[in-house]
1. For segment B:422-446, enumerate the residues that are buried (at least 24 other Cβ atoms within 10 Å of the Cβ), closer than 15 Å to residue B:180 by Cα and in contact with a helix residue (DSSP H, G or I) (Cβ under 6 Å, 6 or more places away or on another chain).
2. Just to be sure before I move on: is residue B:314 surrounded by fewer than 22 Cβ atoms within 10 Å (Cβ to Cβ), within 25 Å of residue A:74 (Cα to Cα) and not aromatic (Phe, Trp, Tyr) in the structure I sent?
3. Considering segment B:77-97 alone, what residues qualify as being of a type in the set (S, T, N, Q), touching a residue at least 24 places away in the same chain (Cβ under 8 Å) and out of contact with any Ser or Thr (no Cβ under 8 Å at 6 or more places or on another chain)?
4. Of B:102, B:53, which residue is of a type in the set (D, E, K, R), buried (at least 20 other Cβ atoms within 10 Å of the Cβ) and touching a residue at least 24 places away in the same chain (Cβ under 8 Å)?
5. Could you pull out every one of the helices (runs of 4 or more DSSP H) wholly within segment B:344-448 that has 1 or more residues that are within 26 Å of residue B:127 (Cβ to Cβ), in contact with a Cys (Cβ under 8 Å, 6 or more places away or on another chain) and in contact (Cβ under 8 Å) with a residue 60 or more places away in the chain?
6. Checking residue B:339 against (1) facing chain A (nearest Cβ under 7 Å); (2) buried (at least 18 other Cβ atoms within 10 Å of the Cβ); (3) more than 24 Å from the chain's Cα centre (by Cα), only one condition comes out false. Which one?
7. What pairs come up if the first residue lies in segment A:19-38 and is closer than 16 Å to residue B:340 by Cα, the second is of a type in the set (Asp, Glu), and their beta carbons are under 8 Å apart, counting only those six or more places apart or on different chains?
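FYI, it's all coordinate maths here, none of it is from the lab. Predicted model only: the values in this text are computed from it and were never measured. Quick reminder, even Gly has a Cβ in these numbers, built from the backbone with ideal geometry, and neighbours come from all protein chains shown.
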Amino acid sequence: MSKFGPDTVRKVAELARLQLSDIEVAKFTEQLGHILEYVDKLNTLDTSTVEPLLSPLEVATALRLDEVRPSPGAEVMVSLAPDQLYDNYKVPQVMGGN
Amino acid sequence: MIRALHEKLTTKKISSVELAKHYLARIKQDKTNSYITVTEDAALAMARAADNRLAGGEDVTLLTGIPLGLKDLLCTQGIKTTCASKILADYKPPYDATAVARLKAAGATFLGKLNMDEFAMGGSNENSAFGAVRNPINSEYVPGGSSGGSAAAAKAGLAAATLGSDTGGSVRLPAAYTGTVGLKPTYGSVSRYGLVAFASSLDQIGPMGVSAEDCAILLSAIAGHDPFDSTSAQRPVADYVELMKQAGTKKYRIGLPREYFIGGLQKEVGASIDGVVQALKKAGHTLVDISLPHTEFSVAVYYVVAVSEASSNLARFDGVRYGARLGGDRTLTEMYRQTRSLFGDEVKRRIILGTFALSAGYYDAYYKKACQVRRLIKNDFDKAWQSVDVILAPVSPTTAFKIGEKTADPLQIYLNDIFTIPANLAGLPGISVPAGRDAKGLPIGVQFIGKPFAEAELLALARFVEDGVHREEAEHGF
């Protein structure tokens, strides 16, 4: 599968922020190539006039009143984070690197 | 099972605490690896509360004091919810899933959290960071997935009944492989609030147990509208035990889709379906040959749609707000990459495939194309409903396979879901009920697929199979 070689796997993994070893790249290239080859059978169908079905529920977006309701609060939610400072999420350096 | 236990509880033959202890003792002897977390103290506290409720005699439901197990992707407040993943190995949600909260309100006892394929991705329960689950019928075989722990626990008597979830067959396939009953409700029947999302347009929570009635009792407790899930249907709470009884008195036109009876179908699976067909005819139901012509495309559609939604849903696991973090001393991007390396192989494969299918230049060719064919699959069902009320089909082309047998080629496991995926794509309810055993003694399941919100009819037909065709032994040690 030329369109799904190791370089594509590396590029897509980078987009998805996944770190892969060379062994994983080789394994996934082969396995995903098989799957995409199988998926290609969809191209035997003419769907030019078919509207895509994104969800079984084809209804308008559900709306509700914009009311304040009880919630666990920032302290509880932030306490779940791997690293925090007061009621803030703490993350590593954002700028620099790749 | 649930009704029998309920009667023991209300006639004081056993207390909720004794019942919880009975199941906890069985869990200690477990050889199937069904549980990721056993919550012994919490279970006993819940059982004590249930005993008080039973003593007062007020507000007692069929589930009061009944020990249940929950698939470990249902959020449980203060109790680990791992999704069988290293990335959530220590995650304790700050809230309960709606289905969990409703079972709690009914007075059920929770024994713990059940093993599964990581993030519900798999059909064999071999993709768990906490080890594979073994089939209680034969430990060399897989229990099916992704709700393998939920199925094995119900079968092996490690919980009176359980909840699983079904995105492409994850309740129905393990039910078939373990000889249990598993219901995938209509999309929107059960709130997905607090169900860790895999593919949001396909996921549904479903009950699993040793009988259709157990599934009906659980469904009655968990179904109904929830303002916290905008896709939850505006339907009132219903008594599915009563509805199942009423549905059981009616005669149905039952469709046999010819595309489901193809080469590759294990002979004994076909024979079991024949047995069910003969019994249904004898009981006065009408069997009709139908066609669902796009069935063969369902696996291809699913493995584009499900992975696309998964790649988007799993972007939230970034080591910032909850879950594990690796590489916190590096840059933000490097931290993301290292943290997300905690995902197992199958999850990584699906994120890559989904990201690819949604990426610029490939979106139309893969995601849009798959959604168009999804429409054709739904149209097939809509057409079928003009001539039949229910569809009868196999759950899987074969019975359970051996652990390790199919791990090298993921596509082989994907193809196992060909008969369960269409119901998810079209949002329809489906039930798997045991209909026999093969020559190796492995259970065979048959499936009924219904119109939207026809759960009562499916439960009634499953009960018909239990009463008239095949009944699996329910050995929970009483």
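1. B:430, B:431, B:432, B:433, B:435, B:444, B:445, B:446, listed by residue number.
2. no
3. Within segment B:77-97, B:81, B:85 qualify.
4. B:102
5. none
6. For residue B:339, the failing item is (1).
7. The qualifying pairs are A:24/B:345.
Here's the yes/no breakdown for (1) assigned to a loop (DSSP other than H, G, I, E, B); (2) within 28 Å of residue B:444 (Cα to Cα); (3) not hydrophobic (A, V, I, L, M, F, W, C):
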{"position": "B:101", "(1), (2), (3)": "no, no, no"}
{"position": "B:122", "(1), (2), (3)": "yes, yes, yes"}
{"position": "B:126", "(1), (2), (3)": "yes, yes, yes"}
{"position": "B:146", "(1), (2), (3)": "yes, yes, yes"}
{"position": "B:159", "(1), (2), (3)": "yes, yes, no"}
